Amino acid sequence: MALTLPGLDPVTDRPVFKQIADHLRDAIERGSLQPGEKVPSEAKLMGHYSVARMTIRNALQILQAEGLTVAEHGRGVFVRSRPPVRRLASDRFARRHREQGKAAFIVETEGAGGKPGVDSIQISEADPPAEIAACLGLREGERVLIRSRRYLINDHPVETAVSYIPAAIARGTRIAEPDTGPGGIYARLEEIGHRLDHFDEEVKARMPTREEAKALRLAPGTPVFRLVRTAYAEGGTAVEVCDTVMSTDAYVLSYQLPAR
């Protein structure tokens, strides 16, 4: 093998498959195995360690469960690639982007050298879930416009997003149309008098549901970020809640925080 791996320790009580996983993990962390590089095949690892195939598979499953590798059917196991897009929370919703006719996703993706896209757009009006109604400060009987869509980078799905906007605000505007126009939802909100003041975001990492994994074409073992954002207009009125599920393979979340 081109990759140099140590031999097994015959005196330790650590199981053999865990020792092998340790060796491969160390090679990934040291950079001996680079992001996107193929891990040595099962046959090569069996020969190197003189162990059965199931022992190697158990070792590889540890790395996959840790999110360090991905298995591609018919091709082998690869070191997980680093996320290509840096999501700059301190800059992504700057008004200058909207004034230039670009939504945050387009700015970030183009900045990373990718081709942005969106599909699976669905628009409906409904009673809001209780959590959403509370965030938007809606009274009983007040409805929301729901915009569901999927975002793509270089034609590969990386993110799903569901926006909830009070129907009294969105009804009859371009927000209710599939193409919201230059600058996206936030540009339209400001055009109709809801000048944005700030955004609150809450981020959690978890494993995807079956539906999310299918929508984002996630490899087994790939976690997701769930990010819930509330947009506030000047005066403190909440005008949108966006519930986003993002592939961790696609994004680095970057924050700049003041020290005072």
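Values in this text are rule-based calculations from the coordinates and carry no lab data. Please read these numbers as outputs of a predicted model, since none were measured by experiment. In this analysis, Cβ positions are derived from the backbone assuming ideal geometry, glycine residues included, and neighbour counts consider all displayed protein chains.
What to note about this one:
- Each Lys and Arg Cβ is given +1 and each Asp and Glu Cβ -1; about its Cα centre, the chain then shows a dipole of about 600 debye.
- Using a Förster distance of 30 Å, the FRET efficiency for Asp155-Asp9 (Cβ separation, nearest 0.05): 0.05
- Note on Ala43 and Val162: the extension gain reaches 38.3 nm, defined as 0.36 nm multiplied by sequence separation minus the Cα-Cα distance.
- Here's the picture: charge each Lys and Arg Cβ at +1 and each Asp and Glu Cβ at -1 in segment 32-95, and of His48, Leu68, Ala94 the one pushed furthest to the positive end of that dipole is Ala94.
- Descending semi-axes in Å of segment 129-185, equivalent ellipsoid built from Cα gyration tensor: 25, 15, 7
- Selected from Pro6, Val241, Ile28, residue furthest toward positive end of dipole (the chain; charges at beta carbon): Pro6
- Between the amide H of Glu240 and those of Ala231, distances stay under 5 Å, these residues lying 5 or more places away or on another chain, with hydrogens modeled in the peptide plane.
- Based on alpha-carbon atoms, the Kirkwood radius and the radius of gyration of segment 16-79 give Rg/Rh equal to 0.92.
- Each stretch of four or more DSSP H residues adds -39500 (n - 2.57); spread over every residue of the chain, this sum gives -8000 deg cm²/dmol at 222 nm.
- In this structure the amide hydrogen of Arg80, modeled in the peptide plane, comes within under 5 Å of the amide hydrogens of Gly36, Thr69, Val70, none closer than 5 places in sequence on its chain.
- Legend: translational diffusion of segment 85-254 by Stokes-Einstein, Rh = Kirkwood radius over C-alpha pairs, 4 °C, 1.567 mPa s; D = 79 µm²/s.
- Under a Gaussian network description of the chain, with springs only between Cα atoms under 10 Å, the residue in Arg171, Arg210, Arg147 that fluctuates furthest is Arg210.
- HN-Hα J in Hz across segment 153-161 - Karplus 6.51, -1.76, 1.60, θ = phi - 60°, x for Gly and Pro: 10, 6, 6, 10, x, 10, 7, 10, 9
- Segment 56-137: Cα Rg divided by the 2.2 N^0.38 Å rule of thumb: 1.68
- The mean sequence separation of alpha-carbon pairs under 8 Å and at least six residues apart, normalised by the residue count of the chain, gives a relative contact order of 18 percent.
- Packing, as the average of other Cβ atoms within 10 Å across residues, places the peptides 70-79, 9-18 in the order 70-79, 9-18, highest first.
- In a fully extended conformation the segment linking Asp200 and Glu66 would gain 45.2 nm over its present Cα-Cα distance, using 0.36 nm per residue.
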